[in-house]
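Here, each number is a calculation from the coordinates, and none is a lab measurement. For clarity, every value in this text was computed on a predicted model and none was experimentally measured. As a convention, Cβ positions derive from the backbone with ideal geometry for all residues, glycine included, and neighbour counts pool all protein chains shown.
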Amino acid sequence: MGSIALPPVEELHLKDTSFNVPTAPYPKSSDAPLPRWSEEIRSIVDQSITALNTVLQFGNFAALSDLMAKTSYWRDHLGLSPTRFSTLYGADEVISLITSKGKANGTKCQITSLSLTSTPELTNLDPKGTVKCIFATLSFTTPHGTGKGNARWILDVESQDQWRIYTLFTSLTDLTSTPFQTGSSRPESAKPNSAPPKMNWYEWRERQREFPEEDGEEPTVLIVGAGHSGLMTAARLKMLGVRTLMVDKGERTGDCWRKRYHDLVLHDPCWMNAMPYLRYPPSWPVSLLFLSFVARFRCLHLRPKSNLASLFLRVLHGRCADTG
């Protein structure tokens, strides 16, 4: 009996959005001798950090070319620039960003100093251990707050086997003037003193969810979409004390994933997609995602089955009623 080979079914939503991500080659391995003692390793890193701080503080940014490897990368989240998430290739791109050449809305380098937060160690850069590097974690300060990061140094063959920065990651994590309400800054009780005395926490929570007119408060921020990014943004803003409302056309949190994929799983391991203030349990499957629980646990303000048109009409109706 004959058979007909049917073409594989291709999901339409993946057809135009999937592409192969090119991988960067590892740097060439150096024949220069490696440091043998922890003191030597620490001295290499201390000299580099001191020189980097001097460059950042005094603005001699051209000297970055002598500190970074010819092939190097700086991934920055609101550290170098207060408004940009950047992946910069080589010293030239870093210099271009912080000096803002040719940009009308120029920005200055925001990082004022870096310091070590761990003991530098000699380790493998590649899985086979062909290329060695020095790795260390960092902290840094800006006029707006503080951040964390890490760095790797290599014996750069392209720079006469000198120790140079190969990768640098900086991410702003805390704001000085508006610290996150976590740790020692967390609230003393679940219900603030401004809540009516006879109202318990649940009743107050439900009242706040509706943003009642008698309270005289409206959402400061409106987030459209209660997916992974929307939930993370809402959680961060809440910890800053910013009144935030999320709207989503789905019936439940996570419908943007649930109704798109047959299996509600992550593209990356769960530890790379941890939700703010709510880590995945250690027994949680590596590629499984939870969203429905996040909004309830973090007490985020969410209005499901909503869209911008209906929300706009509701606001407009309320304003017309106020004006008669």
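Treat each spin label as a single point 7 Å out from the Cα along the C-beta direction, and report the ASP126 to SER283 distance in nm. Between ASP126 and SER283, the simple spin-label model gives 4.1 nm. If you sort the three axes of the alpha carbon gyration tensor as a ≥ b ≥ c, you get a/c of 1.5 or more for the stretch 41-163 and a/b above b/c, which makes it prolate.
Label separation (ARG205 vs SER184): 2.8 nm, computed from points 7 Å beyond Cα along the C-beta direction. Shape class of the stretch 184-237 from the Cα gyration tensor (axes a ≥ b ≥ c, square roots of the eigenvalues): oblate, since a/c reaches 1.5 or more and a/b does not exceed b/c.
Starting from the Cα-Cα distance between VAL242 and LYS259, subtract it from 0.36 nm times their residue separation and give me the gain in nm to one decimal. All intermediate terms of the calculation are to be shown ahead of the outcome.
Working: separation 17, 0.36 × 17 = 6.12 nm, distance 3.05 nm.
Once the chain is fully extended between VAL242 and LYS259, it gains 3.1 nm.
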